[in-house]
Amino acid sequence: MLVLAGITVIVAGFLLRFNPLLVVVVSAAVTGLAAGLSPLAILAAFGKAFNASRYVSVAYLVVPVIGLLECYGLQTRARGLVEAMRGATVGRLLLAYLLLRQITAAMGLISIAGPAQTVRPLLAPMATAAAERQGAPEGDEGIRALAAATDNVGLFFGEDIFIALGSILLMKGILAGYGIELMPFQLSVWAIPSAVAAFLIHGARLLWLDRRLAGRRTNRT
Amino acid sequence: MIGLGAVYAVAGAMFMVLAGLSLRTRRWGHAGFYALLALSFFAGDRIGDAGNGALVLGLVAIAGFGLLKRPPRPVADLPEPRGNAIFLAALVIPATTLIGTLAFRWLPSLVDLKQATLVSLTLGVLVALAVGYAWLRPRPTTPFVEGLRLMDAIGSAFVLPQMLASLGAVFALAGVGTVIGGLAGAAIPHGSLFGAVIAYALGMALFTILMGNAFAAFPVMMAAIGLPLLIRVHHGDPAIIAAVGMLAGFCGTLLTPMAANFNLVPAALLDLKDRHGVIRQQVATALPLLGVNIALLYGFGFA
């Protein structure tokens, strides 16, 4: 029971807005001590896992390229491109991106898009430009946030269709530990209904945004 | 064979350059932070588990004492904006990643196939940098000065995913999962299939919200409810219970600041004043979708 103290630390730490890295380390220390581990054993277990999960941070390699291109007008051009496109509403633009992200993620292509790779340099400025043309208030944060949200939904509810993905292998491994042998394909095929539902639910919200913006414009004129 | 080693060497080199640039502007905290990351990428496999642990404590000390608080500098003035060809340069990285991931399958002796995507991504970055230097002719440091601007804007949040994965390892070692399993098992009305399905799916989502990662929640909920109740007592289909249960966890990922790389990092990257702005936009998708996953579990899992 005492080992749950670490979870309390996490929740309290985040609510009180302490530095997140500090909260995580304190939680690890509290949990480990409560379970009777020595401080050195906790430190080693934490360090080992940190080293093993370095691949998570490799996505930040794109940062110099994006920074350079921004400095030569990438965001400005992206906005200009949409401004020149007639009929490209923010809802339809994000809907097309959602579909593309789900399909590529289902093919295992997870790192080709993402907040740093595509959302900040391309999708967010394009969506903002389209929304402003549809009458959204200038510099509306919500549109940029929605662009990032659309990227997340597309990734999460596309990637599990790919058979060689970490989460599929994790499920297979854990069930195998209980003597239940499954093929990755059996698991990935059951990600498809949720992927379709995610497309319908999020897609409907995107198209509804278009209608809301149109409604606001008619009210004003 | 080209694998994670080469990828980490490139990452280490980049963080080394960022550390150097921070030193030049006398931002000691940033310089130390990036230098420790460079050390982790270059030598993480050689400094031992406790050494890595000490490295993490160094990162936490720098972030925890607020040494990364100094605001990043604003965007540099545009030297001379370019036309739409800039998009081609931006597409170099995704295109190389896509082509590389597919093409390396025919070169199994050259590239570690399990890491083909990360190797291709790294290759794409190097190609894009080469194209950028050749075409735009910036000063040699410009990409890294601008990259540093983006990294400083994200702050220490970008190592949080790695930290949470490590916390999960400590939780596993301490047996947190077993305790949670016992609690959840006691809360379900005896013999109720619907109650068990709800507890399993909501448990996945809730524990993911706490841990920031469905991977951490899955073993816990599978051991607590999925296996003993849904599969053994109610004879559910293990494939559906596992796959849809994981996706119920993903709904939780959309709702939590603990999933920093998906929810907080983009908010920082997009200069949102509301650091929970991305989560706010995801609530109305995540909650109905969680309902759909519960319905899928209940409707198809026990045929």
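Laboratory data are not the source of any read-out in this text; all were calculated from the coordinates shown. These figures come from a predicted structure and were not determined experimentally. Virtual Cβ from ideal backbone geometry, glycine too; neighbours counted across all protein chains shown.
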* Structure fact -> Counted neighbours (other Cβ, 10 Å), sorted fewest up, put B:LEU88, B:LEU254, B:LEU113 in the order B:LEU88, B:LEU113, B:LEU254
* **Proximal aspartates and glutamates relative to A:LYS48, as straight alpha-carbon distance under 15 Å, when same-chain residues fewer than 8 apart are discounted** => B:ASP45, B:ASP49
* Asked: How many Å³ per residue does the convex hull of the Cα positions in chain B occupy?
  -> 183 Å³
* To do: Please turn the phi angles of the range A:181-194 into ³J(HN,Hα) values with the Karplus equation 6.51 cos²θ - 1.76 cosθ + 1.60 (θ = phi - 60°), one per residue in order, whole Hz, x for glycine and proline.
  => 8, 10, 7, x, 4, 4, 6, 5, 5, 7, 8, 5, x, 5
* Asked: How far is it, in nm, from the label point at B:ARG232 to the one at A:ARG92 when both lie 7 Å from their Cα along the line to the Cβ?
  -> 5.6 nm
* Structure fact -> So, with points 7 Å from each Cα along the Cβ direction, the B:ARG275-A:LEU22 label distance in nm works out to 1.2 nm
* Give the peptides B:220-227, A:127-134, B:40-47 in descending order of average Cβ contacts within 10 Å, highest first. => B:220-227, A:127-134, B:40-47
* Label point 7 Å beyond Cα of A:ARG217 along Cβ direction - residues of the range A:117-146 with amide nitrogen under 17 Å -> A:126-140, A:143
* To do: Would you order B:CYS251, A:CYS71 from fewest to most other beta-carbon atoms within 10 Å of each residue's own beta-carbon?
  => A:CYS71, B:CYS251
* Under 1.5 on a/c is rounded, so check that first for the protein assembly as shown, then, if it is not, pick prolate when a/b is larger than b/c and oblate when it is not; a ≥ b ≥ c are the square roots of the alpha carbon gyration tensor eigenvalues. => oblate
* Mind ranking B:22-28, A:23-29 by how tightly packed they are, going by the mean number of other C-beta atoms within 10 angstrom, highest first? => A:23-29, B:22-28
* **Surrounding net charge for B:MET163, when Lys and Arg each add one and Asp and Glu each subtract one, Cβ distance under 14 Å** => +2
* Calculated P(r) tail over 28 Å for the range B:160-300, as whole % of Cα pairs -> 20 percent
* Asked: Size of the dipole of the range A:8-93 about the Cα centre, Lys and Arg at +1 and Asp and Glu at -1 on the beta carbon, nothing else charged, in debye to 20?
  -> 220 debye
* Report the one residue of B:ALA95, B:TYR200, B:LEU287 whose Cα lies farthest in the direction of the positive end of the charge dipole of chain B (charges on C-beta: Lys and Arg +1, Asp and Glu -1; origin at the Cα centre). => B:ALA95
* Using the 10 angstrom Cβ neighbour count as an exposure proxy, how do A:ILE103, B:ILE180 rank, fewest first? -> A:ILE103, B:ILE180
* **Neighbourhood net charge (14 Å Cβ-Cβ; Lys/Arg +1, Asp/Glu -1) for A:SER188** => -1
* Asked: What is the distance, in nm, between label points placed 7 Å from the Cα along the Cα-to-Cβ direction at B:LYS114 and at A:ALA34?
  -> 3.3 nm
